[in-house]
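The values are calculated or read from the model by the stated rules, or taken from the named source; none is laboratory data. Because the structure is a prediction, the values reported are computed rather than measured. Cβ: placed from backbone, ideal geometry, glycine included. Neighbour counts: every protein chain shown.
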Amino acid sequence: MTFKNIASQLTLSLAVYGTAMGQKVNGADYNKADGGPPSSFFAASSSLPVSGLQSAASKASVVPSDATYPVAQGSSVKSTIHSDWAEFSEGASYSFVADMDVDCDGLDYKCKRQGNPDGQDETNWGALAAYEVPFIVIPQKFLDHVGDELSGNNIAAVICDGKMYYGILGDANGDSPQVTGEASWLMARTCFPNDDLNGDAGHVPADVTYIVFTGEKAVLPSSALNKNYITNFDTLRSMGDSLVGALASKLDLSGGSTSQPTTLATTTATTTAASSTKTSSSCSWSGHCAGASCSSDDDCSDDLTCNSGKCA
């Protein structure tokens, strides 16, 4: 069975059973530094191709405007947000590889952050609880560039230490200079549970993959989220599995095992070189672009179809 068929069946089963699972929570019960929601609440399905997605993201090369940022203040290591998958009809998303620093803005802005007292009591679309909500952060300048594609509370998939978790786009970085590679206290400490990450101690290696999905259908609804807490993690998980399944299908990835993450630390020079080798109109599936031999539409990338034995 192809992964496209698996993804279709997964999407159907989620549509049928997602609302029946109904794992509703009182967010305040989990708003504790050492008592946040367990990882099982927002972990991805084990059937999804984590290592394949990670590998695909590490090879992404289409660079939109305002997409490259340092991973930390004063760091020479740069991370670039890529748009290779942004035009997909299903699973449309942006991806990047970076480190993981801890963001505690919002309800828990007084988290452990000695010497770093600049926490804010709000996040971009509310006052999220960093102890309860697995969220990621994207530079404000990039959000200004993409507009409604990333309107806030979009589903995000984070691959860290060989595992994948779901969260939402919950905040923006407006520092000077703006940086990337930030996630909430809950997400960071779930990804690296043995490292005691906090507002003053992040995960330094640039080996974490971030995928954030675009459009209205990728936004976690108010029935599962309020201004402080995620109130239904089943909705988060089912939407995440469905969106990742659709993306994996578009990339023609097979499901299964995970592997250790690939470190990627792009510099401005390598980013420029990569962007010069591929444009936004390029085919996303090498060897299956226009003119390639085919026997059916499934052999052709993106929206290409098989006509007279050739993708067109």
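So the check is Cβ under 8 Å with 6+ separation or different chains; which pairs have a first residue in segment 65-80 that's on the phi < 0 side of the Ramachandran plot and a second one that's surrounded by fewer than 17 Cβ atoms within 10 Å (Cβ to Cβ) and at pLDDT below 90?
THR68/THR268; GLN73/ASP175; SER76/THR267; VAL77/THR267; LYS78/THR267; LYS78/THR268
Taking ASP144 as meeting all but one of (1) under 19 Å from LEU197 (Cβ atoms); (2) among the acidic types (Asp, Glu); (3) part of a helix (DSSP H, G or I), write down the number of the exception.
The failed condition is (1).
Applying the selection to segment 190-202, what residues are at pLDDT below 95, of a type outside the set (Gly, Ala, Ser) and surrounded by 14 or more Cβ atoms within 10 Å (Cβ to Cβ)?
Answer for segment 190-202, where residues must be at pLDDT below 95, of a type outside the set (Gly, Ala, Ser) and surrounded by 14 or more Cβ atoms within 10 Å (Cβ to Cβ): ASP195, LEU197, ASN198.
Is it the case that GLY52 is modelled with pLDDT of 95 or more, more than 30 Å from ASP200 (Cβ to Cβ) and assigned by TED's automatic domain parsing to the domain that holds LEU247?
In short, yes.
Where the second residue is assigned to a loop (DSSP other than H, G, I, E, B) and aliphatic (A, V, I, L, M) and the first is within 25 Å of ASP29 (Cβ to Cβ) and lies in segment 124-145, which pairs have Cβ atoms under 6 Å and are six or more apart or on separate chains?
Cβ pairs passing all conditions: ALA127/LEU107; ALA129/LEU107; TYR131/ALA33; PHE135/LEU128.
Which one is farthest from ASP108 (Cα to Cα), of the residues in segment 183-204 that are in a loop (DSSP other than H, G, I, E, B) and in contact (Cβ under 8 Å) with a residue 24 or more places away in the chain?
Checking each candidate, the answer is PHE192.
Working carefully through the options VAL77, VAL50, VAL71, find the one that is surrounded by 24 or more Cβ atoms within 10 Å (Cβ to Cβ), touching an Asp or Glu at 6+ places or on another chain (Cβ under 8 Å) and of a type in the set (Val, Ile, Thr).
VAL71
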